Amino acid sequence: MKNMSHQLHSGQCLCCHSLASRRHFLKSLLPGAVALTMLQSAAPAQAEVHRAKALVLSCIDFRFLTAERFFLGRKHLGGEYDWTALAGASLAITGFPHPSDAEAFWDQLDISSRLHQINKVIVIDHQDCGAYATMIDPNLSKDPERELQMHTDYLNQAYKSIRDRYPHLEVELYFATLNKPEFQTILPTI
């Protein structure tokens, strides 16, 4: 105890070797505290704003990529669109083959809407879709009338879901044929 009393009277504390060391330590904190305060009050950096005309949702099927790009070019989008591809396109919005597919679509739509201020969503389904064959019927593409009706039904569900969440967005629906791809407009019935 006598030794401790001697240390306190001589200007030393138990945790620091001297008052000078403690002063040095406190002085070294000051620039960091000032810098932190300045950083906290500064506005966050913002990326340059880029606007897109639409978000396009199509199937992952590679057989349609070239035709889809050509089709989107004819729609005067000028390459100014965000593109998301998920198996089954409109089926993905319903959570097929997994709920995470729907979640991925909604996340992409949210980001596209907030960052690129889109005003339209384009959903493109196609003939002979493996996702539809897996979920509905492996022979679905053998009955073109039934196949078109199934796609129309799911495209309409997609339309309703998108408009429910984003009523300000225009939604266009299409069905692409396989041979000499043509893009048939599907008018919403909901």
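Structure summary
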item: Surrounding net charge for residue 78, when Lys and Arg each add one and Asp and Glu each subtract one, Cβ distance under 14 Å; result: +4
item: Approximate spin-label separation residue 164-residue 94, in nm, with each point projected 7 Å along Cα-to-Cβ; result: 1.4 nm
item: Dipole magnitude of the range 54-185 about its Cα centre (Cβ charges: Lys, Arg +1; Asp, Glu -1), debye to nearest 20; result: 320 debye
item: Two-site FRET efficiency, residue 117 against residue 187, from Cβ-Cβ distance with R₀ of 41 Å, rounded to 0.05; result: 0.95
item: Residue 143/residue 107 FRET efficiency (R0 45 Å; Cβ-Cβ; nearest 0.05); result: 0.85
item: Per-pair calculated FRET efficiency, R0 = 41 Å: residue 74 and residue 133 via Cβ, rounded to 0.05; result: 0.90
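Any read-out appearing in this document is the output of simple, stated calculations on the displayed coordinates, not a laboratory observation. Please read these numbers as outputs of a predicted model, since none were measured by experiment. Cβ: placed from backbone, ideal geometry, glycine included. Neighbour counts: every protein chain shown.
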